[in-house]
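Participant: Can you keep this structure in mind? I'll have questions shortly.
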Amino acid sequence: MGNQLVWEDRFNIGVKFIDKEHQKLFGIVNKLFTYAEHEDKRPWVCQEGIKYFKDHAMKHFAEEEAYMASISYEGFETHKRLHEDFRLWTIPALEKELQRSRYSKEAIDHFMGVCAGWLIGHTLTEDQAIAGGKVSKWTNLLPADEQMAVKQVILRLLESMFQLEARLVTECYGGEKFGKGIYYRLTYDSDQGRQRDVVLIFEEKLLLETVGKIMGEQSNKLSVTVMNAVRYTARQFVECIIEQFPSEECYKLQSENLLTYEQFEKMFERQLPQHSLLFNTGVGYFAYCSMTPHMARKKEGVTIQADNAVKEVSKYLQKTAQEKKIRKKKVLVVDDSETIRQLLKGLLQNDYQVTLAQSGVSAIRCLVLERPDLVLLDYNMPDCDGGQLLKMIRSEIGMADVPVIFLSGTVDKERLSKLIALKPAGYLLKSMPHEEIKKNIDDFFIKKDGSLHKASNEESGMEGN
């Protein structure tokens, strides 16, 4: 039994019946992991087991919500909405995948990985906030009825404007990178001095399949003409949403920018999302993020105006094309420390495509949305144990062979030895000189690429020089 969730004291939030229920959910997930290993039992047993997990989770959500209401927990509405997001969108989407595949091992592993990741992340962040141990990340979301209304408007617009039958993946999209993305930012100011930023994120293949085809584009690359059409279509898309929700304030468009992922990432970290929705359109992902700056708004990218639009769009496409041509290795850094994340990004970003995640849940999304070539994983994160996250990664067929190097503050060979069966690629001490950390990562890729090249030559009957 390679994949098991281990209950630890740090999971306890100090509310006895909630802690007891969390332990039960962990136990149910562990039984499902065990059942999934037996091919002859898998379809029927997993079907019944998953139903039991879902029913038990919904019962637990109701009891937990009743407790939060009884103590007048100020984050009650936000916490309840996270439950609803999991119940109404995440679970049904996973169940459809299971049914379509007739409970294939891959679909079951996907279900288990997502549920285990959500359970660990939610228990150690949002549930800890009930007892005052954490602060919820989603404190600025609009009321649930407004959130639902926006979701429905976006789904209708995707269908009417792009002929896409999309489905919501999550209403708490954490800004993770997916595919080859186009990040289009619209900045609005109201007549009462309020600010609002809207970012539409299109996976490139989505634009080629919709706007590109409408314009008769034959290439598999975005052109300046198509991108300008996308800009105006996107503006109309956002204006349609704003028109559906009139307020006393009148918002006017002040500027528009095309952002790199790094610029979007910095912006997302500084601002509080009112909406942060991720959709799967069937031909690519689409995200809608509406934010109100809680810090001074910083300019990201060049403002596009009538006199520079063609030039700036052309430069943007050239830059993204160059980035694709030079295909840098993707490194995902998972660490709860902002200092460590930024330090590693500064060390690696010249030679690698670096994505940052501050929690286990965010890391799993990054792994699912855009598979990295290497994961640098903090072993001692307070919100998700690195060993447990590695077990989840290994349980996913599509991610089972992703290399993982642990980041550790101290050498604990006894603890690390327990994870040998999960085949980590090694570990690095955070206290090592920066140049030594960089050299170790460079050497890892040199060795890996050399091994792949040698294996390829052997398979084709060739010998290396």
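Every read-out reported here was derived from the displayed coordinates using simple, explicitly stated rules and does not represent laboratory data. Being a predicted model, the structure only gives us computed values, none of them experimental. Neighbour counts run over all protein chains shown; Cβ positions are idealised from the backbone, glycine included.
Participant: Roughly how many nanometres apart are two label points built 7 Å out from the Cα toward the Cβ at Asn380 and Val302?
Facilitator: Here the answer is 4.7 nm between the modelled labels.
Participant: Amide H neighbours of Tyr173 under 5 Å, at least 5 residues apart or on other chains, H built in the peptide plane: list them.
Facilitator: Long-range HN contacts for Tyr173: Ser276, Leu277, Leu278.
Participant: If you project the alpha carbons of region 333-407 onto the principal axes, what extent comes out on each, in Å, largest first?
Facilitator: Sorted largest first, the three principal extents are 31, 27, 18 Å.
Participant: I've got another one for you. I'd like the distance separating the alpha-carbon centroids of region 158-232 and region 337-395, in whole Å.
Facilitator: 26 Å
Participant: How much length, in nm to one decimal, is gained on full extension between Asp9 and Glu77, taken as 0.36 nm per residue of separation minus their Cα-Cα distance?
Facilitator: 21.8 nm
Participant: Subtracting the Cα-Cα distance from 0.36 nm times the residue separation, let me have the gained length for Lys252 to Glu48 in nm, one decimal.
Facilitator: 68.1 nm
Participant: Would you please put 353-362, 176-185, 265-274 in order of how densely packed they are, using the mean number of other Cβ atoms within 10 angstrom per residue and starting with the highest?
Facilitator: 353-362, 176-185, 265-274
Participant: Please compute the length gained on full extension between Gln318 and Thr410, using 0.36 nm multiplied by the number of residues separating them and subtracting their Cα-Cα distance.
Facilitator: Full extension from Gln318 to Thr410 adds 28.7 nm.
Participant: Could you compute the net charge surrounding Ile154? Neighbours are other residues with a C-beta less than 12 Å from the C-beta of Ile154; K and R count +1, D and E count -1.
Facilitator: It works out to a net charge of +1.
Participant: Which value in nm describes the separation of the simple spin-label points at Met432 and Lys24, placed 7 Å from the Cα toward the beta carbon?
Facilitator: 4.6 nm
Participant: Per residue of region 200-205, what does 6.51 cos²θ - 1.76 cosθ + 1.60 with θ = phi - 60° give for ³J(HN,Hα)? Whole Hz please, x for Gly and Pro, Karplus curve as stated.
Facilitator: Those phi angles translate into 9, 10, 10, 5, 3, 5 Hz.
Participant: P(r) tail for region 336-378, what percent of Cα pairs lie past 13 Å?
Facilitator: That fraction is 52 percent.
Participant: Would you grab the residues whose amide H sits under 5 Å from the one on Tyr427? Only those 5+ places off in sequence or on another chain, please, with H modelled 1.01 Å from N.
Facilitator: It is Phe406, by chain and number.
Participant: Rg and Dmax of region 173-271 over Cα atoms: what are they, in angstrom?
Facilitator: 14.8, 46
Participant: Roughly how many debye, to the nearest 20, is the charge dipole of region 194-268 about its Cα centre, given +1 on each Lys and Arg Cβ, -1 on each Asp and Glu Cβ, and no other charges?
Facilitator: Here the size comes out at about 160 debye.
Participant: Another one. Using amide H atoms built in the peptide plane, which far-off residues or other-chain residues are under 5 Å from Met381 H to H?
Facilitator: Those lying under 5 Å, H to H, from Met381 are Gly386.
Participant: What fraction of the Cα pairs in region 237-279, stated in percent, has a spacing above 14 angstrom?
Facilitator: In whole percent, the long-distance tail amounts to 68.
Participant: So how far apart, in nm, are the two label points at Thr233 and Gln349 if each is 7 Å from Cα heading toward Cβ?
Facilitator: Reported label-point gap for Thr233 and Gln349 is 3.1 nm.
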